[in-house]
1. For the charge dipole of the stretch 221-361, defined by +1 on Lys and Arg C-beta atoms and -1 on Asp and Glu C-beta atoms about the Cα centroid, which residue among Tyr224, Gly313, Ser255 has the Cα displaced farthest towards the positive pole?
2. Rounded to the nearest percent, how much of the accessible area of the stretch 274-384 (1.4 Å probe, protein heavy atoms only) is carbon and sulfur?
3. Taking the alpha-carbon centroid of each part, what is the distance from the stretch 242-288 to the stretch 92-165 in angstrom?
4. Counting other Cβ atoms within 10 Å, keep those with at most 16, restrict to DSSP loop, and tell me which GluC sites (Glu not before Pro) in the stretch 271-314 are left.
Amino acid sequence: MSRSAARLWVTLASLGFGALVLFSGFDRYSEHQPGAARLVPQPFQANAARAGAAQTLSREGTGAARHAVQAIDADPLDGRGPAYLGAARLAAGERGASRSAFEAADSLGLREPLVQAFFFDEALSSDDHAEAARRLDILLRAHPAMASIDYFFGSLERTPEGRRQLASRLAGDPVWSAAYLEAFRSDDDVLRARARFLAEAAGDLALGCERVEPMVTELVDRNYLAEARALASAHCRVNGKGGWLADPQFEELGSASAFGWRRHGSGDVRIAVTGDSNKAVELESRAGVTRLVLSQPVVLEAGEYRVFARVSGSGPGRVLASLDCGTTRRPDSLGGSLGRGQLVASSGCADEVLGIWLRPGEGSVRLDDIRIERVGAQSSSNTP
């Protein structure tokens with residue numbers, strides 16, 4: 001059993017224990033005072049035994065099988081007892097015995113997550129992705145909150161047939177699809193991989209803008225513009241395309257679009273859009289240090305670039321650009337300023353972000369028409 005699968009069993013057992021602690025006072029008392037079990041009615045003895053099995057499994061201790069057998073003896077028609085017995089046998093390396101126990105649990109009902117997780121893993125081991133997807137669908141329809149456990153989806157997303165089966169299930173908009181599409185609770189690698197899968201599956205899976213919007217927004221917030229554009233373009237058909245810069249004339253600054261400029265205003269920095277037909281952004285700072293005022297994620301190949309802008313007002317040399325991975329860092333003045341074409345270097349990272357900074361000074365600065373040129377390119381352009 002792999003390390004990730006082992007962690008899954010511990011997690012499921014912990015969830016089972018959390019559900020089992022909400023029982024009667026007699027039941028809870030019997031958990032802490034085993035000698036009092038004879039005073040507890042038989043249904044509550046089953047609860048106590050199941051709680052003991054779940055607790056032992058969640059702590060990766062011994063004795064879970066004994067508790068599970070007690071639960072089966074006390075309540076043979078409840079699938080949780082044989083499910084915990086199967087998990088205990090599996091943890092002990094007794095694969096055949098564990099399968100027999102899980103089969104017994106499966107015949108008693110479909111709601112027990114340990115059972116569905118076991119047969120999900122077994123189907124994957126046999127390359128039966130259709131059965132794996134079916135088992136996952138059963139599990140998540142009964143327990144949609146478990147969609148946050150990335151192990152299940154990641155296992156299907158790793159193979160073409162698994163992705164096809166997963167897309168087929170998602171097309172039916174099951175109760176767990178919202179949790180799957182809100183994968184921004186996951187780490188960056190999971191989020192990006194899921195976005196790429198959903199973009200590639202767009203031919204068979206039309207989600208629409210509203211359903212992918214949370215993921216697109218989160219991708220942009222994390223500066224993963226390439227994946228955000230691909231996902232939006234695949235499922236919205238209207239957004240996501242563009243050159244190196246979104247909204248170079250500040251036409252959409254302040255709109256609800258996920259793409260484009262982010263404001264970084266504060267009490268001593270003013271950022272205002274001016275004009276009607278020919279919009280620009282007006283910047284003013286009373287701070288004593290250079291401040292970040294605007295930023296947006298970009299997708300650039302590794303190399304050198306110049307960032308130009310039309311800058312006017314009080315001290316046009318006060319406006320600088322930065323280009324960094326993940327987070328913005330205050331630039332030095334060695335590359336020049338935006339008004340004259342500032343030199344920046346791209347490492348080609350996946351989460352690159354362009355920052356616009358304003359140095360201290362009196363009065364306001366007007367900024368418009370930003371563009372990026374690759375150094376050594378034949379012509380200037382805002383497109384790759």
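1. Working it through, the farthest residue towards the positive pole turns out to be Gly313.
2. Values: 2340 of 5210 Å².
Summing carbon and sulfur atoms, their accessible area is 45 percent of the total for the stretch 274-384.
3. 49 Å
4. On the way: sites: Glu282, Glu284, Glu301, Glu304; in loops: Glu301.
Of the GluC sites (Glu not before Pro), the ones in loops of the stretch 271-314 whose Cβ has at most 16 other Cβ atoms within 10 Å are Glu301.
The values are calculated or read from the model by the stated rules, or taken from the named source; none is laboratory data. The structure presented is a predicted model; accordingly, all values stated were derived computationally and were not measured. Ideal geometry is used to build each Cβ from the backbone, glycine not excepted, and the neighbour counts take in all protein chains shown. Note: areas computed on protein heavy atoms with side chains; ligands, DNA, RNA excluded. Shrake-Rupley method; radii C 1.70, N 1.55, O 1.52, S 1.80 Å.
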